[in-house]
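FYI, it's all coordinate maths here, none of it is from the lab. Everything numeric here is computed off the predicted structure, so don't read it as measured data. Here the Cβ is made from the backbone with ideal geometry for all residues, glycine too, and neighbour counts use every protein chain on show.
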C-alpha cells in the first residue's frame, strides 16, 4: 500500500478502512440501520489483522465495552444511529469524565425515536454537543465524501488519542450508503497519533495529573504495572472520587479547556469559492454536496457565493465563521433539520451579517435546485 | 496500621471506607483479596471492575487496575477489558440492583458468552446508596422506602438466573460464612469461564431498620440460621424450604471460553 | 509454635466503627465495645482463631506478629 490506488467504496466501508488505518483493533457494536455495514465489515476485517470484534447485547453495552478495551490500550470504536446514539450518551459522558479515548460513529437517520430508519437526516447536531448530561466539551467531525470519511475517521482516532476524549464521527444515511470512486492515499504518508504513555516511575504515577503546560494526562494501559483507579465520579489526580468543589472545578475546567483552547489543532473545514464571495452557504455532510452544486449554478448566473463546510462540527470554527460574517452580507445555513446548527452560526455571525436558515426534517435530502431557489428568494 | 493483607492489596490512604457501621460489604471485600492472595495473582494482572451503588465503591479501595463504571454496566466494561486483554484476571464487583435490575441484561449475556470473568454480587437486598428502595432481591412482602406497604414483586434467585444463562461456575455464600466466600472466589477465578458468586450481605442501616431485623449482629445471626447447604436443602420438605438461603457450590460445568474461541478465529488467518 | 505464640491482636481504633460484630462472634469473649470502639477485655482467653479479623468489615482488628 505504498502508493495511491483507486477504489469504488461505500461510505461506511471507508469508515472501517480509515479506522483500521488509524489503528482500530477493537470494535463493539449492535446492529442498527443505517450503520450496520460498519459492524459487518469490522467483524470481517478485524480478526484478519489481529483485532477483535464483538457484537454486544445492546448499544450501552457496546460503548461500555469499547471504553473497557481502550483502558487496556486498544484503539476502540463503535457505530450506531439515532436511537442507538441516544443510548450511547451514558457511555460518552463516562469517556469524557474518565478521559478514555474512543470513537463513536453516528450515521444519522430520521428521528425522533425510531423515526425514519432508512432515510437521511441531520437532526443529531445538538445531541452530539449536549447529549450527555453535565458541563463538558466534545469533538464532533462530519465528512461529506467517501474519501473524506476515510480521512476524517483517521482524524477522529488521532484526536481521541491526543486529547483523551471520545470523538463522535457524524455521518448521514446518504454518505454512509453512497458509493464513490476514491483515491486511496499513500498509507506511508498518513500521520497516526498514539496516546502518550507515562514515563514516571510506577510508584509516582498519578493517572490524572497533568504536567506543566499540558492539559492531557498521560495514560497507562491496564496490565502494564501502572495500577490506577478510574471513575465517572469527580476525582482528584489519583483517580479517587472526591466531593471537593475546588477539585471539581479544576477538573471540569480542564476537560473543557483541553478542547476549547486547541481550536487551531482540532477545527477542520473546507472552503469552496469563498475568495470573492459576498454571500456564503454554511452546510455540512451530504447537504454540503447539494450546496456545492447550487453554488456552481448560482455562480454561472453571476452571484458571488461560496461554501463554508465545517468538517469539525464541535467545537465550532468560530474564528473562521466570525471572519466570514464580517466580509459577507448574508450567511445561509442549510441543513436537514429545522435549524440546529443555524442557532450556533447565528450566535457567532448574527452581529455582523444576516443569517438565514433553510432545512426540513422529512427524510428527503435537500436538492441543489431547492437551494438555488432559496438563495434567490432571500 | 492495618494487617499485612490489607496493607498489600488496599489503597490504605482511602480508608476508612464509606460503608456504614455493620455493613457486610467490607467483609466480602476482604474475602476477595484473601482469595487473590491465596492464588498468588500478580496485582498488575488483576482488574477489578464495579458498577454503581454501595457495593461498587469497592473497586476504589483496591490496589489493582480498577474501574468504577456506570450503573449496571460493570459486566459490559469488563467484557471489553477481558476480550481486549485476556491475560488480565477480570473480577467484577456488583450489587443486587446493579447486576439484576439495570444491569440484568448484561449479566445474562456475559454468562451466555462464558467469557472468563469472575463476578461477585454483594447482595444486601436493597438499594443502599439511594437510601433503601426495594431491589430485585428484596423478598416479597418486605419493605423499602419505595415499598412502604410491602414489596409485591417476586424476588430473583440470581444463582438460578446465572446458571440458566450459561455461567459455568455458580455459588452462594453469606458474610457469616466468610471463609466460604474466600474459597468460592478462588474457585471462581480458577474456573476458565464465567463464574458467578452471590454473597449475601447485610444492610443494617436501611434494610435492617426498615424491616425491623435488629442490628448487624442480629442480622448476621439470621443469615447463620437461614443458611443451609444444597444437599440438606434438597432433603427438606417444601414448607421447610421457605426462607432458606442455599449456600455452597450450586453449579459447575465445562464449556468453551469466549476469548479462546475468538483467538482461534484470529489464528485461522 | 513460636510464631503462633508471638501473634497478638492488633486494633486500629481509627478504623473501628463500633459495629460489635467481632465482639459477638468471638468464641472466647475476649473483646468488648467501649465508647463505640473495640477493646480487648480478656487477652488471656484469646485462642487466635482470627474470626474477629475475618468478619471485621472495617479492617480495624487483626492478628499479627510482634
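Descriptive notes on the structure:
- Helix A:318-327 and the long axis of chain A differ in direction by around 20°, with both axes built from C-alpha atoms.
- Tail fraction, Cα-Cα pairs, chain C, threshold 16 Å, whole percent: 38
- FRET efficiency estimate (nearest 0.05) - Cβ-Cβ, residue A:224 to residue A:322, R0 35 angstrom: 0.20
- Rounded to the nearest 500, the 222 nm mean residue ellipticity of chain A from helices alone is -12000 deg cm²/dmol, with -39,500 (n - 2.57) taken per DSSP H run of at least 4 residues.
- Beta bridges per DSSP with both ends in chain A, % antiparallel, nearest 5: 30
- Residue order, fewest to most surrounding Cβ atoms within 10 angstrom, among B:10, C:59: B:10, C:59
- Averaged over the residues of A:54-62, the number of partner chain Cβ atoms lying within 10 Å of the residue Cβ comes to 6.
- Set against the 2.2 N^0.38 Å expectation for a compact globular protein, chain A has a Cα radius of gyration ratio of 0.99.
- Set of the range A:1-28 residues, backbone N closer than 19 Å to the point 7 Å along the Cα-Cβ line of residue A:186: A:1-7, A:21-22
- Here the range A:91-231 is treated as a Stokes sphere of Kirkwood radius computed over C-alpha pairs; at 20 °C and 1.002 mPa s its diffusion coefficient rounds to 125 µm²/s.
- FRET efficiency, residue A:113 to residue A:133 (Cβ-Cβ, R0 22 Å, nearest 0.05): 0.65
- Beta bridges by DSSP in the protein assembly as shown, antiparallel share as percent, to the nearest 5: 30
- Each label point was placed 7 Å from the Cα along the Cα-to-Cβ direction; for residue C:47 and residue B:152 their separation is 5.2 nm.
- Packing-based order for A:47-55, B:96-104, using average beta carbon neighbours within 10 Å, highest first: B:96-104, A:47-55
- Distance in nm between pseudo-label sites at residue B:133 and residue A:206 (7 Å out along the Cβ direction from Cα): 3.7
- Prolate/oblate/rounded call for the range A:264-378, Cα gyration tensor, a/c under 1.5 rounded: rounded
- Percentage of interatomic Cα-Cα distances in the range A:82-141 larger than 14 Å: 53
- DSSP-defined antiparallel bridges as percent of all bridges, chain B, nearest 5: 20
- Of interest is the spacing of the C-alpha centroids, which for the range A:147-165 and the range B:192-269 amounts to 45 Å.
- Packing rank of A:243-255, A:334-346, A:101-113, where each peptide gets the mean count of other beta carbons within 10 Å, highest leading: A:101-113, A:334-346, A:243-255
- Computed lengthening from residue A:237 to residue A:271, 0.36 nm per intervening residue step minus Cα-Cα distance: 8.1 nm
- With R₀ set to 35 Å, the beta-carbon distance separating residue A:196 from residue A:3 gives a calculated FRET efficiency near 0.65.
- Classified by the C-alpha gyration tensor, the range A:1-149 has an oblate form. Its axis ratio a/c, with a ≥ b ≥ c, is 1.5 or above, and a/b does not exceed b/c.
- Averaging the Cα positions of each part gives two centres, and for the range B:63-99 and the range A:1-75 these lie 22 Å apart.
- To the nearest ten degrees, helix A:340-349 and the longest principal axis of the Cα atoms of chain A are 80 degrees apart.
- Degrees separating the helix B:104-113 axis from the principal Cα axis of chain B, which is the longest one: 40
- Inter-chain neighbour count for C:15-24: the average number of beta-carbon atoms from partner chains within 10 Å of each residue's beta-carbon is 6.
- Converting the Cα gyration tensor eigenvalues of the range A:202-343 into ellipsoid dimensions via √(5λ) gives semi-axes, longest first, of 45, 15, 14 Å.
- Contact order, relative form, for the range A:59-132: 31 percent (alpha carbon pairs under 8 Å, 6 or more residues apart, mean separation divided by residue count).
- Cα-based shape type of the range A:301-359, given that a ≥ b ≥ c are square roots of the gyration tensor eigenvalues and the cut on a/c is 1.5: rounded
- Shown for the range A:159-260 is the translational diffusion coefficient from the Stokes-Einstein equation, using the Kirkwood radius over Cα pairs, a temperature of 10 °C and a viscosity of 1.306 mPa s: 96 µm²/s.
- The range A:190-205-the range A:214-267 distance, computed between alpha-carbon centres (Å): 14
- Averaged over peptide B:171-181, the number of partner chain Cβ atoms lying within 10 Å of each residue's Cβ comes to 2.
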